[in-house]
1. Can you confirm whether the stretch 110-133 contains a residue that is part of a strand (DSSP E or B), at negative phi, loosely packed, with under 15 Cβ neighbours inside 10 Å and not β-branched (Val, Ile, Thr)?
2. Only one of these is at pLDDT 70 or above and of a type in the set (Phe, Trp, Tyr): 39, 11. Name it.
3. Among (1) free of Cβ contacts under 8 Å to residues at least 60 places away in the same chain; (2) loosely packed, with under 12 Cβ neighbours inside 10 Å; (3) farther than 25 Å from residue 162 by Cα, where does residue 95 come up short?
4. Based on this model, can you work out whether residue 137 counts as within 25 Å of residue 29 (Cβ to Cβ), outside any loop (DSSP other than H, G, I, E, B) and open to solvent by less than 40 Å² (accessible area, probe 1.4 Å)?
Amino acid sequence: MLLFVFLYVGFWLIWDGHVSGKEEVRPGTTISVSDSVSFVPAGGWSLERGEITPGQRSTVTSGSSAFSVSTSTWMGTLEEHTAREKKLLQAGSKAHLYGNDQSFHTGNGLTGVKFSYFASKVEGILWIAYDPGTKTVVTLSGQSAQGTLPAAASQFQAMVDSVRTGAGE
């Protein structure tokens, strides 16, 4: 009986290790979020299969940090979408915002607003870009366990800089 229990538990431990939902990403691999939005994860990050919505969202993780890129249609303005994201953060995770919004611009043509936040166990940065011509918003989210954001910030920024949109091709 004891042998059966060890085999049963061992099987599920091995199974879980092979089907964890994480897929290591080779350096330089481009992840397509949608037909017009893609990014290159930093070295050592893994694709989270359970956090993919085809055509809308992809997430990579490393340790206690996660970086997500999502795209959606938006009929309002950048300011309205930014206010909406802030309200969702504050309502959903009781997040507190750091300081003022900052503008950002990447070499690939992504332009928008970024802001930082913290909650009880996490810290994060949100970058929001909006193309009024296509009515498309691209939201980039870098989130880490509290106290670890400074260590992940440069990798977050490298991934933000790697984002390409249809307009940036």
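1. no
2. Of 39, 11, the one residue that is at pLDDT 70 or above and of a type in the set (Phe, Trp, Tyr) is 39.
3. For residue 95, the exception is condition (2).
4. Taking the combined requirement at face value, the residue satisfies it.
The values are calculated or read from the model by the stated rules, or taken from the named source; none is laboratory data. Quick caveat: nothing in here was measured; it's all calculated off a predicted structure. Every residue, glycine among them, receives a Cβ derived from its backbone with ideal geometry; neighbour counts consider all protein chains shown. All accessible areas refer to the heavy atoms of the entire protein, side chains included, with ligands and DNA or RNA removed. Shrake-Rupley method; radii C 1.70, N 1.55, O 1.52, S 1.80 Å.
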